[in-house]
Amino acid sequence: MKFIKLTWAEIKKIIFRPAFYIMVGCLFVAIIVSAFIFSPAERSAYTSQISGSSITVMHNNFNSGNSSIIDSKEYLQNELNEEFDKATNFNNQSNHQELVSRVSVIFKSYFYNLETAIENAQYTTKLLTDIYDESSSLLQYFDSIKNSSQPVNYLFKSKDFENFSALLRNIRASLPSTKEDINNLQNDRNALITKVKLIWTSYKAEVDNMIKVCESIQKIEFDEQFLKDIQEFKIYANAMLAVQAAELEKYYNQNIAYDNDRTQVLEFRAMLNDYKATVETSKIVINNMINIEKLKYKSGNENSYLGFEEISVYKLKEETAFYKYAITNRIPYSKAMTALNFQQNSHLKTNCYDFAYYLMAVSSLMLTIIMIYLASLSFAGEKHDGLMRMNITKPCSRTKLYFAKISALLAISFVAHLALGLIFLAIGACIYGASGATLIAVFSGSKAFAVAPFWNFIYKIFSLFIANGFYIIIACFISILFSNPVFSVVISYLVYIFALLTNTLLAKTAFVKFLPFIHAEHSFFFGGGSWSNAFLSNLIYSGASYALSLCYLIAFIAILITASTQIFKRQDL
Amino acid sequence: MKKVVLKVNNLSKVYKERSAVECLNFCLYEGEIVGFIGSNGAGKSTTIKLITGLIKPTTGEVYICGQDIKNREKALANIGAIVEAPHFYEYLTAKQNLEYFASYFDKVDKNRIEEMLKLVGLFDRKDDKVGKYSLGMKQRLGIAQALLNNPKLLILDEPTNGLDAEGIVEIRHFLQDIAKKTNVTIFISSHILSELQNLCDRFIIIDNGKIKDEFTKQTISSKSMAINTFINVDKPTLASQLLKAHFNISSKQKENKLYFFAEKENRAKIIKLLTSNKIEVYGIGNVKVALEQKFLSSIKHNDKGAK
């Protein structure tokens with residue numbers, strides 16, 4: 001009770017501060033200016049992303065008595081089924097299955113021949129020619145594998161390809177490469193033997209190493225679960241395609257066949273695009289699923305951070321989860337894309353959420369600046385003005401006082417975020433109208449779900465508040481360390497600027513995940529929804545799991561709070 | 001036997017290698033006004049900070065109404081304090097400031113806040129921003145916030161610092177009034193000794209972080225100790241002889257002034273005696289240097305002892 005009373009008194013004290021009014025004034029000016037700058041531009045139609053839907057072709061098909069109005073229906077389905085087959089037969093691919101041993105055998109025989117050539121100089125000319133040809137075929141083979149469109153079922157680093165090729169090319173460049181050269185050397189057998197021996201000696205260590213690499217190449221095998229998932233997805237994808245095809249035929253027969261009403265034609269074209277998009281997105285899902293498995297395999301072997309995934313896996317997973325959810329739940333591409341990137345690429349017109357998110361980005365930045373200032377003064381300012389002595393002589397533990405001050409700042413921040421968000425939404429609804437479209441959000445790169453845009457909006461507010469609260473706690477910690485409010489404010493702002501810079505400029509580096517700042521931006525865990533257009537939208541989160549990131553953030557906050565209370569308790573005032 | 005309100009036991013504070021206060025031992029009793037005297041840097045403020053929990057002691061204990069200061073919430077519930085100077089949120093009004101400080105206590109309501117504002121004579125200015133207050137008004141508001149929780153011990157560190165003569169008298173009267181009305185124990189540090197002499201019942205002298213002396217008001221008011229009267233005359237030598245002959249009073253002469261101790265009832269007789277002997281009396285007054293003398297003698301005595 002006393003704590004609540006004290007917190008309330010702290011809140012009143014803060015909101016009566018003249019600087020608070022000045023800053024709130026600046027906040028409103030910034031918001032009003034931003035609101036006027038806001039440009040509700042029409043988004044490009046989603047149809048532009050899928051090409052090839054031609055009404056003329058459909059009419060021709062219809063008039064020529066084809067069984068289907070969609071000329072490419074079978075072709076598209078076959079194309080998709082081929083992708084499924086590739087994934088299903090991945091483990092049994094014969095063309096690459098023996099690669100490991102073949103590379104090893106070829107490599108060994110290549111150098112055995114070279115050794116033989118040196119030992120039996122009379123066969124040198126023929127052998128050198130053979131070696132030359134064999135190395136050419138080996139290089140071609142490497143290149144064909146490297147550039148193959150087929151999924152490759154072995155774990156072969158692209159760097160190894162480069163090393164192999166470079167080694168072979170170097171040896172070939174050192175050897176007498178033309179028949180003329182060889183004939184010339186044939187006249188001086190000793191010179192030839194000496195030259196070949198010299199080449200062999202200089203490359204032997206590298207060759208041995210390459211053979212070892214060949215022998216250690218691992219084969220990738222997908223587990224039963226993966227194959228089940230592919231089969232399951234195939235059923236969903238084909239079912240959706242069948243439904244869409246039937247709907248297309250029906251719509252065509254009813255509305256397009258004898259009457260070219262423009263609106264209906266456009267509607268039909270959209271349906272056709274959705275149909276084609278189902279094939280395209282299904283192919284993306286299949287390839288992503290394969291790549292995720294392969295990257296997971298690779299990650300486990302050579303690139304594993306403690307609990308952190310590779311960004312590539314994370315982004316692949318996010319895209320896969322999104323499309324898979326849309327196809328499994330028979331959500332046409334056009335509607336799914338509305339959700340995928342709510343603000344930028346959606347075919348919807350600007351609505352209240354666009355307006356609210358845009359202004360919340362501005363208000364959140366301003367609120368962070370305001371709250372950091374107030375937090376910086378809450379301890380250092382009061383110590384400097386002698387007010388802390390007045391407070392500390394009251395019957396209240398310093399820990400309680402610390403928490404009352406923090407709670408007051410957090411409460412103001414929360415109410416400000418919530419109130420401003422709702423005001424923006426209400427104004428946005430008056431100007432641009434509300435949207436009833438359901439969003440597909442992808443949580444933590446893997447779990448997709450449908451969510452009403454309002455709840456998405458509420459989470460956005462919480463997310464911004466968490467980030468804001470994090471900087472409040474940091475500013476309070478700094479404020480406790482200093483007795484000079486100017487130092488405290490300046491250092492707190494420097495920390496914030498550092499955080500913004502690392503979150504933007506260094507977002508793609510591996511070590512950024514070890515800094516606490518990026519973990520305060522929890523909206524990054526929600527792909528597929530509107531999050532990508534948050535303020536500082538160029539941030540790309542480097543793939544921590546939500547739970548681990550949250551734990552890291554909580555642990556960091558707990559350490560800051562513990563350190564703050566312990567220092568504050570021990571300070572002589 | 002009077003109740004002990006504050007007990008300071010072997011209290012020491014050492015900063016790195018410098019000892020700020022050393023083995024302080026004293027008690028304050030219910031209802032008394034105790035002056036805490038010391039020169040600048042003697043350790044007055046450090047002692048008060050230790051008592052109010054602003055700094056932690058190196059050794060020793062502080063008990064406020066039987067509660068150890070380590071148990072902050074219970075111990076500090078019994079005190080009201082102004083340490084060094086009263087500071088307020090200048091952008092808030094007096095009432096808002098008191099409301100803020102009241103939030104630290106469980107049982108301080110709006111009536112109590114208004115009562116305190118009336119007590120310190122700031123009720124009519126309660127809605128003015130504290131930034132507009134004079135130093136004297138701030139001191140009074142400081143005392144009001146210190147009395148909010150009806151404390152048993154009021155600790156005032158240099159409450160007359162920066163005040164003009166009128167302000168000092170105002171604060172003195174005010175504290176005497178509070179002491180009478182509330183029976184609160186007042187522990188007051190100041191270096192304006194004449195003011196303390198008029199206000200306090202007991203004195204504690206601190207020098208170099210150590211308590212040098214403790215004595216009551218009666219001690220310095222005793223005949224042997226004090227010179228309480230001066231008289232300005234045209235014939236000081238003759239006047240001195242007359243005082244010795246008729247009243248057995250020894251006096252010290254400084255120019256035309258004579259300094260001596262005289263009971264109040266004898267002062268009229270002295271004037272009559274001098275005028276009847278054709279000595280012009282230009283003025284007679286009180287000399288309030290007894291505490292100063294005592295303070296200086298305490299310090300010197302201890303210094304000699306130390307040597």
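The values are calculated or read from the model by the stated rules, or taken from the named source; none is laboratory data. Predicted model, so just to flag it, every value in this text is computed and none were measured. No Cβ is skipped: glycine too gets one built from the backbone with ideal geometry, and neighbour counts run over all protein chains shown.
Structure notes:
- Unmet criterion (only one of (1) within 14 Å of chain B (Cβ to nearest Cβ); (2) modelled with pLDDT of 90 or more) for A:Gly386: (2)
- Extreme residue, farthest from B:Ser45 (Cα to Cα), among residues of the range B:65-83 that are at the interface with chain A (Cβ under 7 Å from one of its Cβ atoms) and either touching a Gly at 6+ places or on another chain (Cβ under 8 Å) or polar (S, T, N, Q) (or both): B:Arg72
- Comparison of B:Asn183, B:Asn161 shows that the only residue that is under 23 Å from B:Ile37 (Cβ atoms) and surrounded by fewer than 20 Cβ atoms within 10 Å (Cβ to Cβ) is B:Asn161.
- Residues that are surrounded by 12 or more Cβ atoms within 10 Å (Cβ to Cβ) and part of a helix (DSSP H, G or I) within the range B:266-287 comprise B:Asn266, B:Arg267, B:Lys269, B:Ile270, B:Ile271, B:Leu273, B:Leu274, B:Thr275, listed in sequence order.
- Across the range A:14-23, the qualifying residues are those that are part of a helix (DSSP H, G or I) and free of Cβ contacts under 8 Å to residues at least 60 places away in the same chain, and the one among them that is nearest to the other protein chains (Cβ to nearest Cβ) is A:Pro18.
- Test: residue in the range A:385-393 that is farther than 30 Å from A:Ile32 by Cβ, of a type outside the set (D, E, K, R), in a loop (DSSP other than H, G, I, E, B) and out of contact with any helix residue (DSSP H, G or I) (no Cβ under 9 Å at 6 or more places or on another chain): yes
- Screening the range B:37-64 for residues that are over 19 Å from the mean Cα position of the chain (by Cα) and within 17 Å of B:Gly209 (Cα to Cα) and picking the one that is nearest to the other protein chains (Cβ to nearest Cβ) gives B:Ile55.
- Listed by first and then second residue, the pairs with beta-carbon distance under 6 Å, at least 6 apart or on different chains, first residue in the range A:346-360 and assigned by TED's automatic domain parsing to the domain that holds A:Ile423 and closer than 16 Å to A:Phe454 by Cβ, second of a type in the set (A, V, I, L, M) and at pLDDT 70 or above, are A:Cys352/A:Leu425; A:Cys352/A:Ala429; A:Cys352/A:Ala434; A:Ala356/A:Leu425.
- Test result for B:Glu90, at the interface with chain A (Cβ under 7 Å from one of its Cβ atoms) and over 22 Å from B:Ser189 (Cβ atoms): no
- Residue satisfying all of: in the range A:446-460; in contact with a Leu (Cβ under 7 Å, 6 or more places away or on another chain) and of a type outside the set (A, V, I, L, M); surrounded by the most Cβ atoms within 10 Å (Cβ to Cβ) among these: A:Pro453
- Residue ID - surrounded by the fewest Cβ atoms within 10 Å (Cβ to Cβ), chosen from residues in the range B:100-135 that are within 11 Å of chain A (Cβ to nearest Cβ) and of a type outside the set (A, V, I, L, M, F, W, C): B:Lys107
- Within the range B:31-54, the set of residues being surrounded by fewer than 16 Cβ atoms within 10 Å (Cβ to Cβ) and farther than 21 Å from A:Gly386 by Cα comprises B:Ser39 only.
- Sole residue being surrounded by 18 or more Cβ atoms within 10 Å (Cβ to Cβ), farther than 19 Å from A:Leu6 by Cα and within 14 Å of chain A (Cβ to nearest Cβ), chosen from B:Lys138, B:Lys95: B:Lys138
- Checking A:Thr350, A:Thr368 one by one, the residue that is β-branched (Val, Ile, Thr) and either in a helix (DSSP H, G or I) or within 12 Å of chain B (Cβ to nearest Cβ) (or both) is A:Thr368 and no other.
- Taking the range B:149-265 as the region of interest, the strands (runs of 3 or more DSSP E) fully inside it that hold 2 or more residues being among the aliphatic types (A, V, I, L, M), in the same structural domain as B:Gly43 (by TED's automatic domain parsing) and within 30 Å of B:Pro57 (Cα to Cα) are B:153-157, B:185-189, B:202-207.
- When residues in the range B:186-195 are screened for being modelled with pLDDT under 80 and either within 18 Å of B:Gln139 (Cα to Cα) or surrounded by fewer than 18 Cβ atoms within 10 Å (Cβ to Cβ) (or both), 4 of them pass.
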